[in-house]
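Working notes, structure below.
Each reported figure results from applying straightforward, stated rules to the coordinates on display, with no laboratory input. Everything numeric here is computed off the predicted structure, so don't read it as measured data. Ideal geometry is used to build each Cβ from the backbone, glycine not excepted, and the neighbour counts take in all protein chains shown.
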Amino acid sequence: MNKIDTMPDGRLRMRISINGKQVPVYGKTPDEVTNKAILKYETAIKNEIEPCKERFDKSLLKYMQTFKFSTWSKSTLSRNMRLYRTHIENKKIGRFKVGQIEENDIQELLNFIAENYSFSEVRRVKFLINPYFRRMKKTGKISINPMLDIELPQEENCAVQTKDMNEIILSEDEMKKLLLVAQKYENMDNIISVYYHALLILMSTGIRVGELMALEWTDIDFDLNIFLITRSTNYVDVLDKNGETTKYVRIVKEPKTKTGKRVVGMSEQCRISLEYIKNYQKKHKLDNKHNLVICNSNGNYIQNRDLRDVLKRISKETGINEKATIHGLRHTFGTYVYGKTKDLVGIQRTLGHSDSRTTEKFYVHTQIELLKSISNAFDMKTVTDLETQL
């Protein structure tokens, strides 16, 4: 920070350098002098730079095509193009000239999103446009980065509220009810029974639904009672060079982090469900094109909604309805097993969470017994017995 001097008449003075010249700025207080200096400096820079007259939405798209399309994963690209089309393209701020956009315009955009969407949506839009404006400033296309003093709206003020963890974690009594109602689907000898057992695998392992749908029989080791998580699957938009969606396809990808690639131990219930599914596929001679653990009647990948529909049907009969979600089963598993073992590191590894505070390496053989004991702590059979509940 430049030095502030006191003049003989009591005024304060700061000298700043503009175009190689020392320019004095005066004021009565240090804050007044500093603010005047910043304003004078920014005004001088703005007068030197020809404001970019390109439309913001067109310029942002060009930036993403040039610098981001090749670096983003398919799922990230699909998500960011949805954000772009929803909040920027042909919208009020999108039609602004880049050089005309000010801090208030960005703040109004984020506030408007907060009034209609979730906090995560607001944050993602900020993260999308922030590097763009940094580059515009760095390359001299704009004189002032309008993102510098932007504040995210408070999460509690956003229109769509993310469910609190306690709202999706099932209680012991709710789990008991869910399992008791679900038992009638267990041996129906149709594809619904397979989806039921898929839910049991999710409940008893805590793995993500995309990881389950990508699981192959070669990942299963019945001798060691473990299986490997090495990939996940989901649907993404396929975009052309202009960022337009051409089709919607399923992708299979490796986990984002090393901790996502892991070994998971089988509980007794998990093994029972896997053996049931394997026998079902053999009995009905399914044309399992990808050697999938969970496939539909045609031997292809199942849809997320297939499991959601079965869970919804079961949970409706128990009266817990909206509280039971696919992802909530994962959180329920983590909560109960941590309460049983107090092994935070083991839970993090089992669930595939990356911990920024550690640099632990991916392991397999040295921790097999630990991983098996972690999963066995959530034995589905014990949940149905009130005397031995977790």
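When the C-alpha to C-alpha distance is required to be over 27 Å, the pairs from Lys91/Lys256; Lys176/Lys312; Lys176/Lys283; Lys247/Lys285 that qualify are Lys91/Lys256; Lys176/Lys283; Lys247/Lys285. The label-point distance for Ala159 and Asp221, in a model that sets each label 7 Å from Cα toward Cβ, rounds to 5.1 nm. The length gained by stretching the chain between Glu32 and Lys316 to full extension, at 0.36 nm per residue less their Cα-Cα distance, is 95.8 nm.
In straight-distance terms, cross-link reach from Lys3 covers every one of the lysines whose alpha-carbon lies under 23 Å from its own, apart from those fewer than eight places away in the same chain; here that gives Lys21, Lys28, Lys36, Lys40.
Among 260-266, 203-209, 33-39, sorting by the average number of other beta carbon atoms lying within 10 angstrom of each residue, highest first, gives 203-209, 260-266, 33-39. Sorting Tyr196, Tyr63 by the number of Cβ atoms found within 10 Å of their own Cβ, with the fewest placed first, yields Tyr63, Tyr196. As a rough footprinting exposure proxy, the listed residues Lys3, Lys289 were ranked by other beta carbons within 10 Å of their own, and the order from fewest upward is Lys3, Lys289. Between Arg82 and Gln100, the simple label model (points 7 Å from Cα in the Cβ direction) yields a spacing of 3.1 nm. Taking Cβ atoms as reference points and 14 Å as the exclusive limit, the residues near Tyr185 contribute a net charge of -1, counting Lys and Arg as +1 and Asp and Glu as -1.
For Ile101, Ile272, the sequence from fewest to most other C-beta atoms within 10 Å is Ile272, Ile101.
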